[in-house]
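Structure, as structure tokens:
The values are calculated or read from the model by the stated rules, or taken from the named source; none is laboratory data. In this text the structure is predicted, and so the values were computed from the model without any measurement. Each accessible area value is taken on the protein alone, full model and side chains, heavy atoms only, with ligands, DNA and RNA left out. Shrake-Rupley method; radii C 1.70, N 1.55, O 1.52, S 1.80 Å.
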Amino acid sequence: MPVSYVVALDVGGTSMKGGLVTFAGEVTVFPGRDTGREAGPDSVVAGIRTYVAELAAAGSATFGMAPSGVGLAVPGIVSEAVALYAANLGWRDVPVSSFVPNGIPAVLGHDVRTGGLAESVFGAGRGVADFLFLPLGTGIAGAVVVGGEPYGGANGWGGEIGHTAVWPDGEKCACGQRGCLETYASAGALARRYAARIATTPEQSVTLAEPNNAQARSQGAVTAKEVVERAATDTAAAEVLNEAIDALAISLASYTLLLDPSMIVIGGGLGEAGAVILDPLAERLADRLSFRKPPPLRQAQLGVQAGMLGAAILGWRAAGESSWRPDLRATPTRSP
Ligand SMILES: [Zn+2]
């Protein structure tokens with residue numbers, strides 16, 4: 001007997017991952033692949049279309065029918081029907097039909113907001129109407145979940161908390177502004193600021209004078225996760241982490257005062273560090289708020305699956321099942 005399912009795709013700047021999700025909530029995760037963005041936007045769109053077609057073919061073979069819908073989480077400015085603009089993929093005004101073969105109904109979503117939608121339905125925000133989902137990754141963007149739905153604003157720019165200034169005369173951000181939260185508190189910022197700091201300490205500067213020096217290369221490659229681990233014993237790492245947590249506390253105090261969230265869900269690679277970041281952040285957030293209690297901070301629950309699970313929700317919406325929310329804990333995630 002045929003089983004209905006959707007194709008769900010999470011498209012990042014450099015790679016994408018996809019899966020099949022049945023109505024009962026069985027998730028099959030397929031191997032990811034590169035977006036191939038160096039070949040240009042048309043090639044990226046064609047690559048996504050091919051991937052969707054392959055997943056649909058695999059689904060037809062397994063479940064005995066074509067997919068009921070397709071959901072795609074993509075970066076940039078996006079409506080349900082059009083991928084309007086993505087700086088890192090170079091596309092403009094790509095209709096959703098370009099990503100999907102054979103007229104299967106499909107819906108697009110913004111990558112971070114789609115992750116927030118998944119945390120809202122299946123993860124840390126289950127049953128919570130109003131919260132902020134804040135993944136701390138290479139960059140920082142938030143999903144402002146209001147009334148159970150991520151809020152994109154008038155033009156799709158809503159949630160760009162990473163580019164609100166925490167120190168107005170601070171370091172220059174890649175976006176062109178100064179002192180943005182992302183400049184201090186993203187995983188990318190931690191790695192970059194730590195590398196810069198140890199490069200200017202006297203005992204290290206000699207080795208860094210030679211650009212091909214192996215030690216210099218390895219210092220440049222220290223990841224944000226390693227900076228967090230080193231913070232217990234390494235002054236430079238502790239300073240960089242401390243400034244990141246201060247920056248987050250400033251931003252989250254503003255967010256709390258503006259939107260009064262029930263909770264703040266911290267995700268991304270840095271969110272997975274857990275208590276090392278969340279405990280001091282909760283303390284400093286409480287210190288900054290004088291007349292009200294801070295919202296609790298929670299670690300995101302879905303990890304790298306958030307985007308794909310959110311895309312599955314969009315796929316079921318495309319299929320006309322807008323209240324789809326199975327108990328995923330009852331259904332194991334599989335490989336093909
Ligand atoms: Zn910025």
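Things worth noting here:
- Note, ³J(HN,Hα) from phi for the stretch 304-320, Karplus 6.51, -1.76, 1.60, rounded to Hz, x at Gly and Pro: 5, 7, 4, x, 6, 5, x, 5, 5, 4, 5, x, 5, 5, 4, 7, x
- A Cα-only calculation for the stretch 1-122 places Rg and Dmax at 13.7, 44 Å.
- Karplus-based coupling profile of the stretch 63-79, in residue order and whole Hz: 9, x, 7, 6, x, 6, x, 10, x, 10, 9, 10, x, x, 9, 8, 10, with θ = phi - 60° in 6.51 cos²θ - 1.76 cosθ + 1.60 and x standing for Gly or Pro.
- Cα convex hull of the stretch 129-299, projected area averaged across orientations, nm²: 10.9 nm²
- Projecting the alpha carbon convex hull of the stretch 230-336 along each direction and taking the average yields 9.9 nm².
- Considering only beta bridges that DSSP places wholly inside the chain, some 55 percent are antiparallel.
- For the chain, accessible area per residue (1.4 Å probe, heavy atoms of protein chains only), Å²: 45 Å²
- Ligands, DNA and RNA left out, the accessible area of the chain computed with a 1.4 Å probe is 53% carbon and sulfur.
- Length gained when the stretch ASP260-ARG92 is fully extended (0.36 nm per residue, less Cα-Cα span): 57.0 nm
- Each residue of the stretch 123-140 was assigned a 3J(HN,Hα) from its phi angle through the Karplus curve 6.51 cos²θ - 1.76 cosθ + 1.60 (θ = phi - 60°); the sequence is x, 5, x, 3, x, 10, 6, 10, 7, 10, 9, 10, x, 9, x, 3, x, 10 Hz, with glycine and proline shown as x.
- Extension gain, VAL276 back to PHE23 (0.36 nm per residue minus Cα-Cα distance, nm): 87.3 nm
- Estimated Rh, the chain: Kirkwood, alpha-carbon pairs, angstrom: 20.9 Å
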